[in-house]
Amino acid sequence: MTANTDKEATTLTDRVHALVDEVLVHTPHFVVELDVRGARGSQVVEVFIDSEGPLDVDEVARVSREVGFLLDTEDLFPSRYHLKVSTPGVDRPLRLPRQYDKNVGRTLQVHYAKDAHNNTEITGTLTATDDDGIEITVDDETQRIPYSAIHWAKVQLPW
């Protein structure tokens, strides 16, 4: 990809993100991840949304219809494209601090920087979150991990 093509892709992604934000502005929903990839005529727009409130299949479908309508109205893709709107699901890592809030009480596996030279992993119950980080409890011992140290964190299913 040339530098100009990279800039066009970033601009397109930014424009798509702005349209998605327009659909979500008066809802408790937010964008976790957005990706535009592929060549003209076969591009894929993938949007993962989450919510501070309920987010069921009907609501995801409504968001998808509205985003698709705006993409078509704005004519951002002069040829065919495929839009995928979904929730991240538990198999995808948590990306934003606000995602941690809704997972308090659940078991997380967290891979993080223990110090400047060492990474480590911990699996425990997410017991608290704030603006700076999380608290994970393992066997009645609580450890604080700043968001800036977390490489990835995933919800662990109980089965």
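Scan segment 93-150 for residues that are among the hydroxyl-bearing types (Ser, Thr, Tyr) and out of contact with any Phe, Trp or Tyr (no Cβ under 9 Å at 6 or more places or on another chain) and jot them down.
THR107, THR123, THR125, THR127, THR137, THR142, SER148
When only residues in segment 85-132 that are polar (S, T, N, Q) and under 14 Å from GLN143 (Cα atoms) count, which is farthest from the chain's Cα centre (by Cα)? Spell out the reasoning first.
Keep residues of segment 85-132 that are polar (S, T, N, Q), which gives 86-87, 99, 103, 107, 109, 118-120, 123, 125, 127, 129.
This time we only want the ones that are under 14 Å from GLN143 (Cα atoms), so: 107, 109, 120, 123, 125, 127, 129.
On the way: THR107: 19, GLN109: 17, THR120: 23, THR123: 21, THR125: 21, THR127: 21, THR129: 17 Å.
The selected residue is THR120.
Are any residues in segment 115-138 touching a residue at least 12 places away in the same chain (Cβ under 8 Å) and not polar (S, T, N, Q), and if so, which ones?
Going residue by residue through segment 115-138, those that are touching a residue at least 12 places away in the same chain (Cβ under 8 Å) are 119, 121-129, 131-134, 136-138.
Correct list: GLU121, ILE122, GLY124, LEU126, ALA128, ASP131, ASP132, GLY133, ILE134, ILE136, VAL138.
Each row is one residue, and each column tells you yes or no for (1) in a strand (DSSP E or B); (2) closer than 30 Å to ARG144 by Cβ; (3) at pLDDT below 95.
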{"position": "MET1", "(1), (2), (3)": "no, no, yes"}
{"position": "LEU12", "(1), (2), (3)": "no, no, yes"}
{"position": "GLY41", "(1), (2), (3)": "no, no, yes"}
{"position": "GLY68", "(1), (2), (3)": "no, no, no"}
{"position": "ASP72", "(1), (2), (3)": "no, no, yes"}
{"position": "HIS82", "(1), (2), (3)": "yes, no, no"}
{"position": "VAL85", "(1), (2), (3)": "yes, no, no"}
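Could you check how many residues of segment 49-66 are part of a helix (DSSP H, G or I) and either under 12 Å from the mean Cα position of the chain (by Cα) or of a type in the set (A, V, I, L, M, F, W, C) (or both)?
Of all residues in segment 49-66, those part of a helix (DSSP H, G or I) come to 57-66.
Within this subset, residues satisfying the condition of being either under 12 Å from the mean Cα position of the chain (by Cα) or of a type in the set (A, V, I, L, M, F, W, C) (or both) are 57, 60-61, 63.
Selection size over segment 49-66: 4.
Test of understanding: among HIS151, HIS117, which residue is in a strand (DSSP E or B) and surrounded by fewer than 15 Cβ atoms within 10 Å (Cβ to Cβ)? Before you say what the answer is, go through the steps one by one.
On the way: HIS117 fails: in a strand (DSSP E or B).
Of the residues listed, the single one that is in a strand (DSSP E or B) and surrounded by fewer than 15 Cβ atoms within 10 Å (Cβ to Cβ) is HIS151.
Given the criterion modelled with pLDDT of 95 or more, over 25 Å from THR87 (Cα atoms) and either surrounded by 14 or more Cβ atoms within 10 Å (Cβ to Cβ) or small (Gly, Ala, Ser) (or both), identify the matching residue among ILE145, ILE136. Working first, answer last.
Values: ILE136 fails: over 25 Å from THR87 (Cα atoms).
Selected residue: ILE145, the only one of ILE145, ILE136 that is modelled with pLDDT of 95 or more, over 25 Å from THR87 (Cα atoms) and either surrounded by 14 or more Cβ atoms within 10 Å (Cβ to Cβ) or small (Gly, Ala, Ser) (or both).
If ASP75 passes every condition in (1) out of contact with any His (no Cβ under 8 Å at 6 or more places or on another chain); (2) acidic (Asp, Glu); (3) not assigned by TED's automatic domain parsing to the domain that holds PHE30 but one, which one does it miss?
Single failed check for ASP75: (3).
Quick check on this structure: which one of VAL44, VAL32 is in contact with a Gly (Cβ under 6 Å, 6 or more places away or on another chain) and in the same structural domain as THR13 (by TED's automatic domain parsing)? Can you show your working first?
Numbers: VAL32 fails: in contact with a Gly (Cβ under 6 Å, 6 or more places away or on another chain).
Answer to the selection: VAL44.
All but one of (1) touching a strand residue (DSSP E or B) at 6+ places or on another chain (Cβ under 6 Å); (2) without any contact (Cβ under 8 Å) to a residue 40 or more places away in the chain; (3) outside the structural domain of HIS151 (by TED's automatic domain parsing) hold for PRO54; state the number of the condition that does not hold.
Just one mismatch for PRO54, condition (1).
Which of the residues belonging to segment 28-51 are of a type outside the set (Gly, Ala, Ser), out of contact with any helix residue (DSSP H, G or I) (no Cβ under 8 Å at 6 or more places or on another chain) and in contact (Cβ under 8 Å) with a residue 24 or more places away in the chain?
Going through segment 28-51, the residues of a type outside the set (Gly, Ala, Ser) turn out to be 28-37, 40, 43-50.
Applying the additional criterion that residues be out of contact with any helix residue (DSSP H, G or I) (no Cβ under 8 Å at 6 or more places or on another chain) yields 28, 33, 37, 40, 43-44, 46, 48.
Those that are of a type outside the set (Gly, Ala, Ser), out of contact with any helix residue (DSSP H, G or I) (no Cβ under 8 Å at 6 or more places or on another chain) and in contact (Cβ under 8 Å) with a residue 24 or more places away in the chain: PRO28, GLU33, ARG40, GLN43, VAL44, GLU46, PHE48.
The values are calculated or read from the model by the stated rules, or taken from the named source; none is laboratory data. Source: prediction; values computed, not measured. Cβ atoms come from the backbone with ideal geometry, glycine included; neighbour counts cover every protein chain shown.
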